[in-house]
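The values are calculated or read from the model by the stated rules, or taken from the named source; none is laboratory data. This one's a predicted model, so the numbers in the text were calculated from it and none came from an experiment. A quick note on method: Cβ atoms are made from the backbone with ideal geometry, for glycine too, and the neighbour counts reach across all protein chains shown. In case anyone asks, the SASA skips ligands and DNA or RNA and just uses the protein heavy atoms, side chains included. Shrake-Rupley method; radii C 1.70, N 1.55, O 1.52, S 1.80 Å.
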Amino acid sequence: MSEPLIIRLSLRVQPNASRSEVVGWYGEALRIRVAAPPSKGRANDAVLDLLAEHTGIRRQHMRIVRGHQSRDKVAEITTVNAEELNGRLGNPAMTDGVLFS
């Protein structure tokens, strides 16, 4: 079995959107819209829920490590298959199976 990898993913988040969705890449950051408001951590929770749904990785293997009160965030994801994660996110920065943030 492979060793778990910890990947840091740069995010650009728009709270209070009409719907929650992964928009695509905005430079080196993944752009995400969430319908949740930015108060009381609701938008952060919605970001993690959406990432879990989009990647197929359980939410308990994700956390926001920077930018809790900012639109620019960094999420940390623990996975055993970085290539599959990169494929699901369509990351243009993927090099040699490693996700750069």
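Laid out as a table, the results:
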| quantity | calculated |
| --- | --- |
| Hits in region 4-24 (condition: under 11 Å from the mean Cα position of the chain (by Cα) and open to solvent by 50 Å² or more (accessible area, probe 1.4 Å)) | 8, 12 |
| Tally of residues being exposed (fewer than 14 other Cβ atoms within 10 Å of the Cβ) and under 11 Å from the mean Cα position of the chain (by Cα) across region 35-58 | 1 |
| Pairs where the first residue, in region 73-89, is at pLDDT 90 or above and buried (at least 21 other Cβ atoms within 10 Å of the Cβ) and the second is assigned to a helix (DSSP H, G or I) and of a type in the set (A, V, I, L, M), C-beta under 9 Å, 6+ apart | 73/47; 75/47; 75/48; 75/51; 77/51; 77/85 |
